Amino acid sequence: MNYLVTGATSFLGAAVAGELLSRGHQVYAPVRKTSANLSALPEDPCFHRIPVSMEEIGTLPAQGIPVPEVCIHFAWGGVGVRGRMDPGIQKKNLAHTMELIRTAADMGCRRFLFAGSQAEYGVTLERVREGSMPAGPIPETAECRPVSLYGQYKLRTLKEGGALAASLGMEYFHLRIFSVYGPGDHETSLVSSCIRAAAAGETAELGPCAQQWNFLHVRDCAALIAALSEKKKDYACPGAVEVYNIGSRDTRRLSSFAEEIFQTAGTGSVRFSERAAGPEGTPYLSPDISRVAAATGTEPEISFREGILEMLSHRS
């Protein structure tokens, strides 16, 4: 099949593009000419870089791209601490996404997958403790009370983008992605920071790490998304809007994951100390992934320990 994939230079976008290529698909990726991450793009004759930014996304039909059966949208600015609360950035993200939906439909696309976020739920440890939100695995039907503008605009995309896609006869799959890690992860992430400290035999100084957390290896994440994109290839449900949690079955306190990194490395150590919660509170990440598992027949395969050993080997 022909795929249109935005954000292919991102950590997860590049992994999904690679997974689609391994399954024999053609991938067409709109990419800014000035992107600093061009080296992340796959080198494959079936991968086609299209020099079009999100600001120019309406020009895609003029690029001579074959009809894309599926569009997967990862491009989204302002994912850092400041950007997540920047209304200008998040408003622009939504506008670009709506334009992409229209453009994809004009090109004959029949299925649109959007990279949403666990931030849409807004479940925090503080809200769980005060009883305003329930503890335990979070299903797709749970109430959404996002704290950050980032989460609010991802949720708006489901409501507005889903409705637009449905009106244009496309299926819309909204992926609520939890925490993804693996080789190529951002160097400032907790996993990368701990890997770096462990490899150097140093002590990582962290906050309390009291939050419930869920880690999914990037290749497992890419496999789930690719399997969803191939689901029901006859596109029997035009106008359908479906939501899927994308995570693993390994949910526990974040401090446990940090400790496992150093135990796996056999060197270095970690120290936890009290710190004030951030502006979004203390995250509580506990996804129910039974829906995506049933829809794809796919389960995450890479354990956290295996993923850490792989990341450690990449440093040696």
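Values in this text are rule-based calculations from the coordinates and carry no lab data. Keep in mind the model is a prediction, meaning the values are calculated, not measured. Here the Cβ is made from the backbone with ideal geometry for all residues, glycine too, and neighbour counts use every protein chain on show.
Structure values in brief
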| quantity | calculated |
| --- | --- |
| Coil-residue trypsin sites (Lys or Arg not before Pro) of the range 1-73, DSSP, other Cβ within 10 Å capped at 15 | Arg23, Lys33 |
| Other-chain or far-sequence residues with amide H under 5 Å of Val52's (modelled H) | Val31 |
| Candidates Pro137, Pro51, Pro279: whichever shows maximal mean-square fluctuation once the chain is modelled as a Gaussian network with Cα springs under 10 Å | Pro279 |
| Highest-first arrangement of 38-45, 305-312, where packing means the average Cβ count within 10 Å | 305-312, 38-45 |
| Ranked by how many other beta carbons lie within 10 Å on average, peptides 206-212, 85-91, 192-198 from highest | 192-198, 206-212, 85-91 |
| The range 15-63, dipole about Cα centre (Lys/Arg Cβ +1, Asp/Glu Cβ -1), debye to the nearest 20 | 40 debye |
| Computed helical MRE - 222 nm, the chain, DSSP H runs ≥ 4 contributing -39500 (n - 2.57), nearest 500 | -10000 deg cm²/dmol |
| DSSP-loop GluC sites (Glu not before Pro) across the range 269-304, with at most 15 other Cβ within 10 angstrom | Glu274, Glu301 |
| Length released on extending from Glu160 to Glu187, taking residue separation times 0.36 nm less the Cα-Cα span | 6.3 nm |
| For Trp213, residues with placed amide H under 5 Å, excluding near neighbours | Arg252, Arg253, Leu254, Leu285 |
| Most fluctuating residue given options Gly64, Gly151, Gly247, as computed from a GNM of the chain linking Cα atoms under 10 Å | Gly64 |
